[in-house]
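The values are calculated or read from the model by the stated rules, or taken from the named source; none is laboratory data. Remember, it's a predicted structure, so these values are computed and weren't measured experimentally. Cβ coordinates were reconstructed from backbone atoms using ideal geometry, including for glycine residues, and neighbour counts include every protein chain displayed.
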Amino acid sequence: MTTDGKQLSNPFSTGSGGARFEANIQATFVTLMLSGGYAPCLPSWPIVEIKLQGAVAGYATDDLIVFVENPVNNERRRLLGQVKNSIAITTKSKLFAEVIQAAWNDFNNLDVFTKGKDVIALITGPINTTDTDGVNGLLEQARHTRDAEEFITQVERANFCSDNIRNKLEAFRVQLKVANKGNDVAEEELYQFLKHFHLLGYDLAKKGSIVSSLLQSHIAQFNKDIPDKIWYQIVNEVQDFNQSAGTITLKTLTNDLVEHFQEPEIIYIPKDLAKENVEGDGEVQLVATDWNHHATAQKLAVATLIGSWNESNEADIKVVTQIVGGGLH
């Protein structure tokens, strides 16, 4: 079975190709979802769903589909991510041709992509500086120009853009022509495609990398004791979902993983430990009790010096009561 020339393989075999890097990237987005972080290239809305191996759901760009949702009106937007540990952005790269073919198919599929809202991302490990600078320079030009005419004019100016950026534009042109069944892509379509396309580099090869450190910091906001173990737990769960082309939400993840990211309980001072104070304007405010003048101040001071005891242990209560002089029940 194929999807416009791209083989739709078994999700288990698809998920196991380049498994480690792909799983780490997927786990990165799951960590952001659990910790309340935001997805790159999309509005700063909570991540609510991550679909893995999206080919079974009609996506050509299929390694992960990240959904964010506006908490005010429930509007959703998507990041369609294709993960490649290493890639060359050239006119002759077969791997880049595969990425562009999938991206072009989705870009023109109204069922899986909404222009002006959704984005497509090629997510890579560290790649050469020429590709990184050239592609990002090209994509930023597309996103910061008024229209296709201004974009092409600025890129072609020798004193405004580098030959490297022009070479990357040619790489996109050539590969998009192939993806478009051998037909040239109009300048306006090329411009719109580049505005929606992103190159994201993630250095996850080393534990001490910047990205790894940031992920550990996100986890440590909730658990400072075992952030590395929680990270490995996330990776393992992602691999399980990947084998089944699953969809990850806070409800489909295991409870013990989600519980690591629970907000700490806020304990409020009981109202009976405060007294009402009526101001002149009629508003009632709660003012903390002055324990220095409380009727049991002396007993409480002694109890504090004792430290702790078990309130359910009658022997503890008996001893403490004798020390402070009663009144602790």
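Residue 228 is checked against (1) surrounded by 19 or more Cβ atoms within 10 Å (Cβ to Cβ); (2) in contact (Cβ under 8 Å) with a residue 12 or more places away in the chain and fails just one. What number does that condition carry?
(1)
I'm trying to understand the selection: among the residues of the range 28-53, which are without any contact (Cβ under 8 Å) to a residue 60 or more places away in the chain, in contact with a strand residue (DSSP E or B) (Cβ under 7 Å, 6 or more places away or on another chain) and either surrounded by fewer than 18 Cβ atoms within 10 Å (Cβ to Cβ) or not β-branched (Val, Ile, Thr) (or both)?
29, 39, 43, 45, 46
Any idea how many residues of the range 66-82 are in contact (Cβ under 8 Å) with a residue 24 or more places away in the chain and in a strand (DSSP E or B)?
Selection size over the range 66-82: 10.
For the range 54-66, which positions are of a type in the set (A, V, I, L, M, F, W, C) and crowded, with 16+ Cβ neighbours inside 10 Å? Before you say what the answer is, go through the steps one by one.
Just the residues of the range 54-66 that are of a type in the set (A, V, I, L, M, F, W, C), to begin with: 55-57, 60, 64-66.
Within the range 54-66, 55, 56, 60, 64, 65, 66 qualify.
Could you check residue 114 against (1) over 28 Å from residue 129 (Cα atoms); (2) of a type in the set (Ser, Thr, Tyr); (3) at pLDDT below 95 and say which number it fails?
(3)
Condition first: in contact with a Pro (Cβ under 7 Å, 6 or more places away or on another chain) and of a type outside the set (D, E, K, R). Can you find one or more residues in the range 208-216 that meet it?
As a first pass, look at the range 208-216 and keep what is in contact with a Pro (Cβ under 7 Å, 6 or more places away or on another chain): 216.
Right, trim to of a type outside the set (D, E, K, R) and you get 216.
Checked against the condition, which is being in contact with a Pro (Cβ under 7 Å, 6 or more places away or on another chain) and of a type outside the set (D, E, K, R), the range 208-216 yields at least one hit.
What helices (runs of 4 or more DSSP H) completely inside the range 224-329 contain at least 1 residues that are within 18 Å of residue 23 (Cα to Cα), at pLDDT 80 or above and not polar (S, T, N, Q)? Give the derivation first.
Working: elements: 227-243, 255-259, 297-306, 314-324.
Where helices (runs of 4 or more DSSP H) fall fully within the range 224-329 and carry at least 1 residues being within 18 Å of residue 23 (Cα to Cα), at pLDDT 80 or above and not polar (S, T, N, Q), they are 227-243, 255-259.
So which of 30, 99 is among the aliphatic types (A, V, I, L, M), in the same structural domain as residue 191 (by TED's automatic domain parsing) and either closer than 18 Å to residue 248 by Cα or assigned to a loop (DSSP other than H, G, I, E, B) (or both)?
Details: 99 fails: either closer than 18 Å to residue 248 by Cα or assigned to a loop (DSSP other than H, G, I, E, B) (or both).
Going through 30, 99 in turn, the sole match is 30.
Going by the conditions given, is residue 20 under 19 Å from residue 123 (Cβ atoms) and modelled with pLDDT of 95 or more? Explain how you work it out, then say what you get.
Numbers: under 19 Å from residue 123 (Cβ atoms): yes; modelled with pLDDT of 95 or more: no.
So residue 20 fails the test.
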